[in-house]
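The values are calculated or read from the model by the stated rules, or taken from the named source; none is laboratory data. The shown structure was predicted, so the numbers you read here are calculated from the model rather than taken from an experiment. Positions of Cβ are backbone-derived with ideal geometry, glycine not excepted, and every protein chain shown enters the neighbour counts. Only protein heavy atoms, including side chains, enter the accessible area calculation; ligands, DNA and RNA are left aside. Shrake-Rupley method; radii C 1.70, N 1.55, O 1.52, S 1.80 Å.
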Amino acid sequence: MSDCLFCKIITGDIPADIIYQDDKILIFKDINPKADVHLLMIPKAHIESLVQLNESHNDLIAYMMLKLPELANDQGLNSGFRTIINTGRDGGQEVFHLHIHLLGGQNLPGF
Ligand code: AMP
Ligand code: ZN
């Protein structure tokens with residue numbers, strides 16, 4: 001997806017504060033943090049949103065879910081964290097490349 005912001009972060013065309021990456025996922029700091037820790041986890045494959053997932057993505061999604069507590073632990077979030085996936089326009093999704101927000105720290109806003 002040549003006009004996708006997060007695909008451009010994956011290719012390095014747009015800079016980001018990258019925390020972790022491997023062949024499947026990229027994790028970087030949200031540019032407009034809503035909490036002390038605010039990271040975004042994205043698949044390297046361009047998938048628009050949760051709606052576009054199918055059974056071919058089972059392994060990828062399991063991999064992402066299992067990575068989240070490990071990531072939270074690495075960030076020092078030992079007493080909890082919040083994950084958010086906004087889906088579609090009415091779900092508040094602004095960037096149409098699937099991403100999981102990881103939020104934590106002392107200043108978590110109310111939900
Ligand atoms: P959502 O509303 O779930 O689509 O969230 C999109 C998130 O991407 C927002 O929290 C933005 O602050 C974040 N964002 C937008 N552009 C960038 C960027 N260039 N680098 C890092 N995060 C970004
Ligand atoms: Zn993309």
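Below is a table of values for the structure above.
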quantity	calculated
Over the stretch 61-111, relative contact order from alpha-carbon pairs under 8 Å, at least 6 apart, %	35 percent
The stretch 1-63, relative contact order [Cα under 8 Å, separation at least 6], %	23 percent
Centroid-to-centroid separation of the stretch 81-98 and the stretch 1-65 [C-alpha atoms, Å]	12 Å
Computed [θ] at 222 nm, helices only, for the chain once each DSSP H run of length n ≥ 4 contributes -39500 (n - 2.57)	-6500 deg cm²/dmol
Positive minus negative residues near F96 (Lys, Arg vs Asp, Glu; Cβ under 14 Å)	-2
Pair D23, H46: separation of 7 Å Cα→Cβ label points (nm)	2.2 nm
For the stretch 5-91, accessible area per residue (1.4 Å probe, heavy atoms of protein chains only), Å²	61 Å²
Whether the stretch 1-76 is rounded, prolate or oblate, judged on the alpha carbon gyration tensor where a/c under 1.5 counts as rounded	oblate
Derived scalar couplings ³J(HN,Hα) [the stretch 24-37; Karplus, 6.51 cos²θ - 1.76 cosθ + 1.60; whole Hz; x for Gly, Pro]	9, 9, 10, 10, 9, 6, 5, 5, 10, x, 9, 7, 3, 10
Highest-first arrangement of 64-77, 35-48, where packing means the average Cβ count within 10 Å	35-48, 64-77
I25 long-range amide H proximity, modeled H, under 5 Å	K44
